[in-house]
Amino acid sequence: MFDDKQTMRTAFTTARTVLEKLVQDQPDYAPAWSLLGRVDAALGRKEEAIREGRRACELLPISKDAWHGPIYLRALAEIYAWTGEKESALAQLEQLAAQVPGIDYGDLKLDPGWDRLRGDPRFERLVASLAPKR
C-alpha cells in the first residue's frame, strides 16, 4: 500500500468492520467470506484469514460452481501465500492449474500477490508449465 503502513492498516481495519457485518448478515455469501479472509491475511490475522478463505470454498466449491468456485480457491491460495503457508498455497495453485478456468501464466508471473512464493522451485515449475507454448 505504497509503503504507508498506517494508512493500509486503517483501510483494511475499516474494510474488515464492513465485511464482518456482511458475513454476520449473510453467512452463506462466499464472496464476503473470501474478501474478509484476504483482508485478515493483510492484517496479519492468520488463523482467521485461513478459516474465512476455507469457508468461502466450502460455500461455493468447484463441484457446485465450476465458474466461480475457482475464484475462491485462488483467493484461498493467496491467503495461504500471504500468511506464510507456502505448501498449502502451492497445493491450491496446482489444483487450479488443472482446472478450466483456473490459474494462468500471466496471473502467476505478474500478480504481486504471489511475490512470497517467487523463487520457490515448485512455484517456478508451476509458472513454467503454464507458459505459452511457441
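Okay, residues lined up against (1) out of contact with any strand residue (DSSP E or B) (no Cβ under 8 Å at 6 or more places or on another chain); (2) within 30 Å of Lys5 (Cβ to Cβ); (3) modelled with pLDDT of 90 or more:
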{"position": "Leu43", "(1), (2), (3)": "yes, yes, yes"}
{"position": "Glu52", "(1), (2), (3)": "yes, yes, yes"}
{"position": "Leu60", "(1), (2), (3)": "yes, no, yes"}
{"position": "Ser63", "(1), (2), (3)": "yes, no, no"}
{"position": "Ala75", "(1), (2), (3)": "yes, yes, yes"}
{"position": "Tyr80", "(1), (2), (3)": "yes, yes, yes"}
{"position": "Gln92", "(1), (2), (3)": "yes, yes, yes"}
Practice item. Would you mention how many residues in the range 89-102 are among the small types (Gly, Ala, Ser) and either buried (at least 24 other Cβ atoms within 10 Å of the Cβ) or in contact (Cβ under 8 Å) with a residue 24 or more places away in the chain (or both)? Key: 3
Practice item. Pull up the range 58-88, narrow it to residues that are among the hydrophobic types (A, V, I, L, M, F, W, C) and more than 24 Å from Asp120 (Cα to Cα), then point me to the one that is surrounded by the fewest Cβ atoms within 10 Å (Cβ to Cβ). Key: Trp67
Exercise for review: Could you list, in sequence order, all residues of the range 23-39 that are in a helix (DSSP H, G or I) and either of a type in the set (Val, Ile, Thr) or more than 16 Å from Ala49 (Cβ to Cβ) (or both)?
Suggested key: Val23, Gln24, Asp25, Val39
Check your understanding: Which of the following residues is in a helix (DSSP H, G or I), touching a Ser or Thr at 6+ places or on another chain (Cβ under 9 Å) and over 25 Å from Val127 (Cα atoms): Arg55, Arg9, Arg16, Arg51?
Key -> Arg55
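A quick yes/no check of all residues on (1) surrounded by fewer than 16 Cβ atoms within 10 Å (Cβ to Cβ); (2) in contact (Cβ under 8 Å) with a residue 24 or more places away in the chain:
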{"position": "Val18", "(1), (2)": "yes, no"}
{"position": "Leu22", "(1), (2)": "no, no"}
{"position": "Ser34", "(1), (2)": "no, yes"}
{"position": "Phe123", "(1), (2)": "no, yes"}
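The values are calculated or read from the model by the stated rules, or taken from the named source; none is laboratory data. Note that the structure is a prediction, hence the values are computed from the model and not measured. Cβ coordinates were reconstructed from backbone atoms using ideal geometry, including for glycine residues, and neighbour counts include every protein chain displayed.
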